[in-house]
Amino acid sequence: MKLDVKHILKTYGIFLAFLLICIILAILSPVFLRWNNILNVIRQSSIYGVMAVGMTFVILSGGIDLSVGSVLALSGIIAAGAATAGVGIFGIVALGLLVGVLCGLFNGLMITLGKITPFVITLGMMSIARGLTLIYSGGRPISGFEGAFRFIGGGFILGIPFPIVILAVTVLIGWLVLTQTRLGRYTYAIGGNEETVKLSGINSNFYKTMVYVISGLTSAMSALILTSRLNSGGPNVGQAYELDVIAAVVIGGTSLSGGRGSVWGTLVGALMISVINNGMNLLGINPFFQLVVKGVIIIGAVFLDRLRDQAN
Amino acid sequence: MKLDVKHILKTYGIFLAFLLICIILAILSPVFLRWNNILNVIRQSSIYGVMAVGMTFVILSGGIDLSVGSVLALSGIIAAGAATAGVGIFGIVALGLLVGVLCGLFNGLMITLGKITPFVITLGMMSIARGLTLIYSGGRPISGFEGAFRFIGGGFILGIPFPIVILAVTVLIGWLVLTQTRLGRYTYAIGGNEETVKLSGINSNFYKTMVYVISGLTSAMSALILTSRLNSGGPNVGQAYELDVIAAVVIGGTSLSGGRGSVWGTLVGALMISVINNGMNLLGINPFFQLVVKGVIIIGAVFLDRLRDQAN
Amino acid sequence: MEPVLRMQGISKSFPGVRALQNVDFELLPGEVHALVGENGAGKSTLMKILSGVYTPDEGDIQLKGTSVVNAGPKAMLDAGVSVIYQELNLVPHLSVAENVMLGREPRRAGGLIDWKAMRAEVKKLIAQFNLKLDPRTPVYRISPAYQQVVEIIKAISLRSDILVMDEPTASLTGNEVERLFEIIRQLRSQGVSIIYISHRLEELWEVADRVTVLRDGERITTKPLAELTVPDIVRNMVGRELTEQYPVTEIETRDEVLRVEGLTKAGVCSDVSFAVRGGEIVGFSGLVGAGRTEIMQIIFGYLKRDSGKIFIHGKEVDIRSTRDAVRNGIALIPEERKRQGLILGLSVFDNAALAVLDRNSTFGVINFKKLSDLIHRIVETIGVKTPSPRQLVKFLSGGNQQKVVLSKWFVRDCDIYIFDEPTRGIDVGAKVEIYRLMQSLAQRGAAVIMVSSELLEVLNMSDRIQVVYDGRIVKEFRRDEATEEGVMKYALGVAGSVA
Amino acid sequence: GRGEAADGAIRIGMSVPGLQFPFFVTMREEAEAAAAELGATIVFADALNDAAKQASDIENFIAQGLDAILISPMTTDALVPVIEQAVAAGIPVATVDRQANTDRVLVHVGADNVEGGRAAARFIIEQLGGSGSVIQLEGTPGASAAIDRKAGFDEVMAGSGITVLTSQSAEFDRARGQTVMENLIQAYPNFDAVFGANDEMIIGAIEAMQGSGVNARDKVTIGFDATPDAFAYIQNGLLDATIDQFPGQQAGQALQILVDNIRTGARPAQSVIFISPLPVTSAP
Ligand SMILES: Nc1ncnc2c1ncn2[C@@H]1O[C@H](COP(=O)(O)OP(=O)(O)OP(=O)(O)O)[C@@H](O)[C@H]1O
Ligand SMILES: Nc1ncnc2c1ncn2[C@@H]1O[C@H](COP(=O)(O)OP(=O)(O)OP(=O)(O)O)[C@@H](O)[C@H]1O
Ligand SMILES: [Mg+2]
Ligand SMILES: [Mg+2]
């Protein structure tokens, strides 16, 4: 028996912590479990969640990407610019994603070929992309889009908000890529022991670069959701998102030193952050106290999860 | 000859990049090299610089401390509260430092005994300390201090601003501790391979905890400088400082994976960030472009330094 | 016969070290060519040049007549050269199967990895070794010996023309070694050329055809093994006559220093009791996985025990941490040097000083003058080959790294020394030095425990031998009653069930 | 309105861009006091300076079925979708201080930031007698308050005889205001006036002057937001004026209109109410 509990905690520690939080909230607030509120929470987590899938790749490979928030802003403002200039929906999406991919490509190439540590290069990119966003927009939001583009953030498919669909698809694809493709397995391998990967004749630089491209891509996807949802691209959106996104990944059990973790943990991490925010709003907790409560919950949840690490 | 250049770059890469930036600024702005401006820049870097010394310990040990900005705020507001309540200068300083030490102790104990990863626990502390600051202050600055306390941020010793004296002493002590004491050597060793340290009969948990206590202490020192200098403690000071402080350490050549780096590099990293900001103000660069310029300079400087890494 | 590989005039220097000087090396088709030399002689460096990890300063490499110098690891792999590196090269959190097939994953249509095919393939390979190993196990969970086998399987499965094995048997014991030799012979008969590096000189005659001896980065000789004896090779390696392999000294045994009673930890060991007197060397023998390492780690306070008592000088001590153990005068030289013994990114000095900083500092401030003298003396006595004590340990040869681990504990005066596989990867000359040092510790009155998988070493060095099987001590031999067969019988668990 | 909650209390959701700005701290405190007088309670959310979080907060308000929403939106457009969503769900919405680009809100009570910038510029021109030089400290690049205050200020300055020496961002932050001003004192030692786009920055700048041997009393200084700290500096003679946008009054009026609407269904006579921002030169 004892072993069983340990095994469950070991594998699902953070998931159980998450359930516990949900149960407590359901007891404290009748609103929490209402269908609309549940959709709300998941939709809210979609922005972080989608980016966090890309960040999971980066962190699994042993790297870090601080530029996600700024890349989101740049990609969003360019999509917004295109949308107000009358570009069609496919053009907008393509352009937005392209911006993210290019930023990621730049990060990846500077890390692999330029041999600069990921922290520094993505910190630089964070500053540069934000600056470009301000320059492009003149510091002003760009607003007011047509129907098709608005669907991305505001539409529904079979009663499910479209951002939730995007999140689900992204997590699923992320999981498939990580477990079923060479790109995914090499991502783990590079984070575990890059030297071995190189000695096995694998072009690790290519795969490492790809990981940052993926992160750029998911940032751009979040940008499209957010821009559409807010009906406006703003030069200041996404500020300090990197911390929340990395937090979702790390809370989800992915090791910051790379090589170990999963996209499911990340999903739970992202949902947990949304649920905490939602719950505190529902309960009307004083905003000053909210910060304390949030900190305590995050620590507490991971404390439960630590049993898993101990077992390893 | 070729070897010599390589050797110099290898050891002093970031220092040379820093000099280059200074030379360019000196050419572009006649004001840059004026004695007053130099004192200015160094004094401005003292806040980040002092914290970055503590952060160097943390990162050398293989950890990270995201809570420095919030701990600074908490420590500062409590010092400010004490100052306006008429507590004497020694009481203020002792109280401020105590707050930092306690926060660091909490971080350290949760990491070593609670076995929670540093990222998560210090992220939680970041939120908790900020919340406590807001609760204590009611969200408002606490302002207006007496002479003695104002000396810390505004005084001079032999024509040198006192914050610069504090910075110099902190870097010097940091360097001595890192190179000449067990605590310092164990910090490197823990960052290099904690298992080996444990198997060498060393109580690594104690030393690891100390590292976070030091970081809490330096955050509190910066809090005293900043609070005194601003003549007010604010609930919002120090936001996003963690990124700049970690950047100073990493730009200074300390490896984020631990075990390698020095406090001198950190000093150069902190000075560099101040110099870039100062230079852009002096040159009156458009604030939008400032972000781009800053990003490019940071990447460029570290690019120069990468030659050092390659040699290793 | 036309050689498949010809390396000519290879030279390579690192800062402060001339690793190779004008070395020639030839490999014939279907030949097993042994490469031997002292620690730091340049064996691994030569092989890393062959595999494209290093580029030589000078010299040419020809594979079947075409020059391939400077081609890089991938090109050499593609050209049919595969290498089992001395330092394990596995990805800890990937499975055994994935590690074996890394870079060559079978794929289904659509590019997805074909897990079934992969597992089946690796299962077949594992079967060759008669191992019970699930291909799905992550490699960090298996013992170093099994990890070594995984490396071997990986290299063999590449089906290369040239296979380099850099000390493949260092962490293996009897059974696995036998299987490895069979496989080597089989490969040879298929025309594969093998370069075989080892410090266990006796085993060369079982597999190798010719031998090349390196000394201080120079090639001393290349000859068929049939023309040589162990002393010949040793003479070529060290440049002088080495009289004895196991030094003999009479050491007077004193009072009991360490006594362990009923040490038990679920799933690891049960009811382990033994005692060691001052001046005694007690050997622990057993198969890989018998639990010797864990027993020692429990005594050293690194693993928690469920029950059992530890007495030092007759007094029960409460050891809850490694710090308690060291304070009570225990030293443990661990078996996995890279993971448990060294800090690769720090210098030789820092590593060697790690366990004695507390004794050489006042109020936490280190007395470097006193410490330097001590460290320099030991590093010299043990013979760590390094350009300077400031050299980072990661740049030392494998054997020299092991010597640094030994230095770390020799500088500290302890009452009890536990050596776990102390001579793994150590050359013959240095082994003798280490045996002497162990004896001098015993002479000083210390209790010495030696865990080793090299049976001969245990037999020759121990006053008494404890045989461990499945977490228990199943038999104790006195020196005069121990034989190879006797010890093996108990280690295999055969005799235990009878008795 | 959809009537009152079971216990009779009206619950109004209030969302502001960030409590890191003392302006909104004041607004929140005075709003809570005003709500209490009206027999309502405030459910408060801090957007932490993030439009996406603010949108989520409003969604959470809707999910809770609050009776009304009082919002100071992060940007003019970003919150429009959720505001319209709330109105569609039958929840009356009022905006304060910052406006939202929609005609669905019940009322907007605000003080025009552009007008505030103009007022600050006029004050400096008057104090300097029409000639001299000024340093401008802008807010966070891209923030609407920063853009608008700067726009109004620049517009009036352009037509005057006063030179704007430089305009740098200090991100609405006191410590940044201090360092940026220290740097600018080196580059432009002969300035006559400083405009800080909020009180935090101008206070930082005053501390910079005092610490660099420039007497702030000799310079014309004006901030923005009328925070208690600013009044303390005014009392000391270090600060000349601050632009008051009367956050409490804004929130109070908006709350009154919301409560009336819930109780009686009444709609205000005007759907946009502006309170003129004024430079104040002495503590209240
Ligand atoms: N990357 C490196 N940087 C500096 N010195 C090196 C490096 N690699 C090897 N050396 C040095 O080159 C010499 C030869 O090392 P090598 O690893 O080839 O020895 P080896 O014969 O394999 O020894 P061992 O039996 O101990 O494995 C040693 O002195 C070693 O310290
Ligand atoms: N991290 C781990 N997780 C699970 N099982 C492990 C782990 N490490 C080792 N084992 C298993 O525990 C057993 C002991 O392994 P180990 O190599 O430590 O043996 P040992 O006690 O050192 O053997 P020896 O007697 O040769 O010293 C083996 O069966 C091994 O596969
Ligand atoms: Mg070797
Ligand atoms: Mg063992």
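Just the residues that are surrounded by 19 or more Cβ atoms within 10 Å (Cβ to Cβ) and within 25 Å of the chain's Cα centre (by Cα), please, taken from the stretch C:473-497.
The answer is C:ILE473, C:ALA482, C:VAL487, C:TYR490, C:ALA491.
With respect to C:ASN89, determine if the residue is more than 16 Å from ligand 4 (Cβ to nearest atom) and within 12 Å of chain A (Cβ to nearest Cβ).
Yes, satisfied.
Output yes when any residue across the stretch B:259-279 is within 11 Å of chain A (Cβ to nearest Cβ), surrounded by fewer than 22 Cβ atoms within 10 Å (Cβ to Cβ) and under 15 Å from D:GLN168 (Cβ atoms), and no when none is.
yes
Across the stretch C:147-177, what is the total count of residues that are within 16 Å of ligand 2 (Cβ to nearest atom) and closer than 22 Å to C:LEU455 by Cα?
Adding up the residues that qualify gives 12.
Within the stretch C:382-419, take every residue that is within 16 Å of ligand 4 (Cβ to nearest atom) and within 14 Å of the chain's Cα centre (by Cα) and give me the one that is modelled with the lowest pLDDT.
Taking the candidates together, the pick is C:GLN402.
Residues that are of a type outside the set (A, V, I, L, M, F, W, C), more than 16 Å from ligand 3 (Cβ to nearest atom) and more than 11 Å from chain A (Cβ to nearest Cβ): does the stretch C:70-86 have at least one? Talk me through it step by step, then tell me what you get.
Here is the first cut: in the stretch C:70-86, the residues of a type outside the set (A, V, I, L, M, F, W, C) are C:70, C:72-74, C:78, C:80, C:82, C:85-86.
With more than 16 Å from ligand 3 (Cβ to nearest atom) added as a condition, the list becomes C:70, C:72-74, C:78, C:80, C:82.
Next, only the ones that are more than 11 Å from chain A (Cβ to nearest Cβ) stay: C:70, C:80.
Yes, there is a match, as at least one residue in the stretch C:70-86 is of a type outside the set (A, V, I, L, M, F, W, C), more than 16 Å from ligand 3 (Cβ to nearest atom) and more than 11 Å from chain A (Cβ to nearest Cβ).
Being of a type in the set (Val, Ile, Thr), in a helix (DSSP H, G or I) and within 11 Å of chain C (Cβ to nearest Cβ) is the filter here; which residues of the stretch A:188-227 pass it?
First, pick out the residues of the stretch A:188-227 that are of a type in the set (Val, Ile, Thr): A:190, A:196-197, A:202, A:209, A:211, A:213-214, A:218, A:225, A:227.
Now drop any that are not in a helix (DSSP H, G or I), which leaves A:190, A:196-197, A:209, A:211, A:213-214, A:218, A:225, A:227.
Scanning the stretch A:188-227 gives A:ILE190, A:THR196, A:VAL197.
Given (1) in contact with a Lys or Arg (Cβ under 9 Å, 6 or more places away or on another chain); (2) over 30 Å from A:VAL213 (Cβ atoms), identify the lone condition not met by A:ARG43.
(2)
Can you name every residue in the stretch B:141-156 that is more than 22 Å from the chain's Cα centre (by Cα) and surrounded by fewer than 18 Cβ atoms within 10 Å (Cβ to Cβ)?
B:GLY144, B:GLU146, B:GLY147, B:ALA148
Tell me, which helices (runs of 4 or more DSSP H) wholly within the stretch C:372-484 include 1 or more residues that are within 16 Å of ligand 3 (Cβ to nearest atom), out of contact with any strand residue (DSSP E or B) (no Cβ under 9 Å at 6 or more places or on another chain) and within 29 Å of B:GLY192 (Cα to Cα)?
C:398-410, C:428-443
Cβ-Cβ distance below 8 Å, separation of 6 or more or different chains: which pairs start in the stretch C:162-184 with a residue that is over 24 Å from C:GLU336 (Cβ atoms) and in the same structural domain as C:GLU31 (by TED's automatic domain parsing) and end on one that is in a strand (DSSP E or B) and among the polar types (S, T, N, Q)?
Listed by first residue and then by second, the contacts come to C:ILE162/C:SER82; C:ILE162/C:SER193; C:LEU163/C:SER82; C:LEU163/C:SER193.
In the stretch C:138-146, is there at least one residue being of a type outside the set (A, V, I, L, M, F, W, C) and away from ligand 2 (no atom under 14 Å from the Cβ)?
no
So how many residues does the stretch A:152-166 have that are among the β-branched types (Val, Ile, Thr) and more than 14 Å from every other protein chain (Cβ to nearest Cβ)?
Qualifying residue count for the region: 4.
In the stretch B:55-96, which residues are modelled with pLDDT under 95, in a loop (DSSP other than H, G, I, E, B) and of a type in the set (Val, Ile, Thr)?
B:VAL87, the sole residue that qualifies.
Taking C:VAL4 as the residue in question, decide whether it is touching a Ser or Thr at 6+ places or on another chain (Cβ under 6 Å) and of a type outside the set (D, E, K, R).
So C:VAL4 passes the test.
To keep it simple, each residue is scored yes or no on (1) touching a Gly at 6+ places or on another chain (Cβ under 7 Å); (2) more than 16 Å from ligand 1 (Cβ to nearest atom); (3) without any contact (Cβ under 8 Å) to a residue 40 or more places away in the chain; (4) away from every other protein chain (no Cβ under 14 Å).
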| site | (1), (2), (3), (4) |
| --- | --- |
| C:LYS223 | no, yes, yes, yes |
| C:PRO231 | no, yes, yes, yes |
| C:MET237 | yes, no, no, yes |
| C:ASP255 | yes, yes, no, yes |
| C:GLU280 | no, yes, no, yes |
| C:PHE284 | no, yes, no, yes |
| C:THR293 | no, yes, no, no |
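Quick one: in the stretch C:129-165, of everything that is within 16 Å of ligand 1 (Cβ to nearest atom) and not β-branched (Val, Ile, Thr), which residue is surrounded by the most Cβ atoms within 10 Å (Cβ to Cβ)?
C:MET165
Scan the stretch B:232-263 for residues that are in a helix (DSSP H, G or I) and small (Gly, Ala, Ser) and jot them down.
B:ALA247, B:ALA248
Counting only residues that are touching a Lys or Arg at 6+ places or on another chain (Cβ under 9 Å), surrounded by fewer than 17 Cβ atoms within 10 Å (Cβ to Cβ) and farther than 16 Å from C:PRO56 by Cα, how many does the stretch C:1-25 have?
Of the residues in the stretch C:1-25, 1 are touching a Lys or Arg at 6+ places or on another chain (Cβ under 9 Å), surrounded by fewer than 17 Cβ atoms within 10 Å (Cβ to Cβ) and farther than 16 Å from C:PRO56 by Cα.
Could you tell me whether the stretch C:191-199 includes any residue that is within 16 Å of ligand 2 (Cβ to nearest atom) and on the phi < 0 side of the Ramachandran plot? I'd like the intermediate steps shown before the answer.
We begin by selecting, within the stretch C:191-199, every residue within 16 Å of ligand 2 (Cβ to nearest atom); these are none.
Checked against the condition, which is being within 16 Å of ligand 2 (Cβ to nearest atom) and on the phi < 0 side of the Ramachandran plot, the stretch C:191-199 yields no hits at all.
Inspect the stretch C:295-304 for any residue being farther than 18 Å from C:VAL451 by Cα, of a type in the set (S, T, N, Q) and buried (at least 19 other Cβ atoms within 10 Å of the Cβ) and give the result as yes or no.
no
Kindly indicate whether C:TYR435 is aromatic (Phe, Trp, Tyr), within 16 Å of ligand 4 (Cβ to nearest atom) and modelled with pLDDT under 95.
no
Being surrounded by fewer than 19 Cβ atoms within 10 Å (Cβ to Cβ) and either under 22 Å from the mean Cα position of the chain (by Cα) or at positive phi (or both), is that true of even one residue in the stretch D:66-81?
There is no residue in the stretch D:66-81 that is surrounded by fewer than 19 Cβ atoms within 10 Å (Cβ to Cβ) and either under 22 Å from the mean Cα position of the chain (by Cα) or at positive phi (or both).
Can you tell me which residue among C:ILE184, C:ILE251 is closer than 26 Å to C:ILE84 by Cβ and surrounded by 17 or more Cβ atoms within 10 Å (Cβ to Cβ)?
After ruling out the rest, the residue left standing is C:ILE184.
Which condition number does C:GLY110 fail, the rest of (1) away from ligand 3 (no atom under 16 Å from the Cβ); (2) within 13 Å of another protein chain (Cβ to nearest Cβ); (3) in contact (Cβ under 8 Å) with a residue 24 or more places away in the chain being met?
(3)
The values are calculated or read from the model by the stated rules, or taken from the named source; none is laboratory data. Note that the structure is a prediction, hence the values are computed from the model and not measured. Using ideal geometry, Cβ is built from the backbone for each residue, glycine included, and neighbour counts are taken over all protein chains shown.
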